[in-house]
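Scroll down for the structure; my scribbles are underneath it.
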Amino acid sequence: MSNAGQIMMWAGTLSNIPAGWTHCDGSLLSTSSYSELYKIIGNSFGVNPPTGQFYLPDLRGRFVRGVDSNAGRDPDIGTRTDMQNNSIQSSSVGSIQSHAFQNHTHAYNVFPDGDGNIASGRYWACGTTQTSPVDSAKFSTSTETRPINAFLYYIICTKTLTTGM
């Protein structure tokens, strides 16, 4: 049995999603055609939709995080916004946060007995200052901070199914 509003990961293709399920791609659906799903999620995934419609969750390229529910594990909860309108602050189901990288510092060793070898292979004398930037091409970098991950589709059940999925 599957219930309306249930979200799961799908390893198939978009063309073979089972009947009664749809891709979590942020599309607009009719409140009358999908009344059972609308009763469950309402406007959680986008406030102020066009009249008679509601937004599906848009989970494309996103990691899902459990709702904090006053556990104190989301220190930036005040930065959460509506999925469709980033100017509307929200901390409920369906809200999103932009990327972030926690402030941090690094310790480093000082070489008190003269020169010390640094990563570039050059020597750095005590009391001198390094002012040239580090060449990031020598290191593995990216345009985002992320854990190792795998692609799967998120799909949502649009009506209660008593057989099959």
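The values are calculated or read from the model by the stated rules, or taken from the named source; none is laboratory data. Source: prediction; values computed, not measured. Here the Cβ positions follow ideal geometry from the backbone for every residue, glycine too, while neighbour counts run over all protein chains shown.
In the range 74-94, the residue that is surrounded by the fewest Cβ atoms within 10 Å (Cβ to Cβ) out of those that are assigned to a loop (DSSP other than H, G, I, E, B) and of a type in the set (Gly, Ala, Ser) is 87.
Checked against the criteria, residue 54 counts as assigned to a strand (DSSP E or B) and over 20 Å from residue 163 (Cα atoms). Within the option set 137, 71, 119, 150, being part of a loop (DSSP other than H, G, I, E, B), at pLDDT below 85 and of a type in the set (A, V, I, L, M) holds for one residue only, 119.
For the range 22-46, enumerate the residues that are surrounded by 16 or more Cβ atoms within 10 Å (Cβ to Cβ) and in a loop (DSSP other than H, G, I, E, B). Result: 24, 31, 34, 43, 44, 45, 46. For residue 51, the requirement of being at pLDDT 90 or above, under 23 Å from residue 31 (Cβ atoms), exposed (fewer than 10 other Cβ atoms within 10 Å of the Cβ) and over 23 Å from the mean Cα position of the chain (by Cα) is met.
Under 22 Å from the mean Cα position of the chain (by Cα), under 30 Å from residue 145 (Cβ atoms), outside any loop (DSSP other than H, G, I, E, B) and not aliphatic (A, V, I, L, M): does that describe residue 66? Against the criterion (under 22 Å from the mean Cα position of the chain (by Cα), under 30 Å from residue 145 (Cβ atoms), outside any loop (DSSP other than H, G, I, E, B) and not aliphatic (A, V, I, L, M)), residue 66 does not qualify.
Of the residues examined, residue 18 is one that is in contact (Cβ under 8 Å) with a residue 60 or more places away in the chain and part of a loop (DSSP other than H, G, I, E, B).
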